[in-house]
Every structure is written in C-alpha cells, then in structure tokens.
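Structure, as structure tokens:
Readers should treat all values here as calculations from the given coordinates under stated rules, not as data from a laboratory. Everything numeric here is computed off the predicted structure, so don't read it as measured data.
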C-alpha cells in the first residue's frame, strides 16, 4: 500500500503540515511510508485480536486529542493481527522525549502494564504522532467507538479534536 499512487499525495499533505491520520492498517502504511517511525509486527501471540480494550491519553496537547483529559482512559476496539508496535530503544526514547506517544494500552483503571498490552507493543504504545504533530497513527479504532449504539463514544473526540483544530486554522 505504501507504493500506491495516492501515497505521493498523502506524503505531500503531511510534509505541508496538513493533518493525516492512519488507523490500524493506515498506521502500518504511515510507518512503511516513513511518515512515522517504527514498524508494526505480528501480535506477540500470533493471533488476530478483535475486542474492546482500554487506552490512556498520553498526550492531550495534540490536534487529535485536545478534547480529552491527560490520562483519560478510553474504551476502544482493536481488530488486528499485526498491531505490535516496534522501534529501537533510541526511537522509543525520542518518542517519549518529544511527547509523540499519544495513546498507550492500559487497564480499566488506567494502569499501563504488560498484562494490559494486548499485542506486545513496545512500551504499550497504541498511537504516536510525527515530530510536527500533524500525522497520527494508532492501532485502536476510534471510528468504531463513536456512538453509544456501538458500545462506546470514547473515540469520537479524536475526530472532534481534529475538527476543532481545523476550525481554528480556518478562523485565522
């Protein structure tokens, strides 16, 4: 998919500072295209995982998370076989130092632990952004948690945060 003709436009948009979001396979593509560091590998148990999990907002200063509280716990579904985020130790440290870790897997109380990590992701990372903050990749599916009928509205604010950011730019 990173070689798809549309990717040149996606890369140009990202480099121009426009918002770009990749969910699940989209996160994988953003990493493969070099827009985000790291890679997504097979889940540690080699199984496809499809269930509701919990993530915590690690950075609410992002254009994608401004409608959340720092440390807020969200119930959001995952559905993937290759959701195990991997990067070398220096990259992981840089992501933390630069506040690029946006979401982390946790339990219902917000505790980040190995037991709460569904796929083996380094540091329980569920979502990251680029250094500029305009590109987000995340494995959980916020679009599947945007209506009460779906079992959770916790993902909706990813989109309302982004809409608010775009409206601020347009108001200038």
> Add -39500 (n - 2.57) for each DSSP H run of 4 or more in the chain, then divide by its residues: what number comes out at 222 nm, to the nearest 500 deg cm²/dmol?
Replying inline: -7500 deg cm²/dmol
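Let a ≥ b ≥ c be the square roots of the eigenvalues of the Cα gyration tensor of the chain; is it rounded (a/c under 1.5), or, if not, prolate (a/b larger than b/c) or oblate? Working shown, then result.
Working: a/c = 1.43, a/b = 1.13, b/c = 1.27.
Since a/c stays below 1.5, the shape of the chain is classed as rounded.
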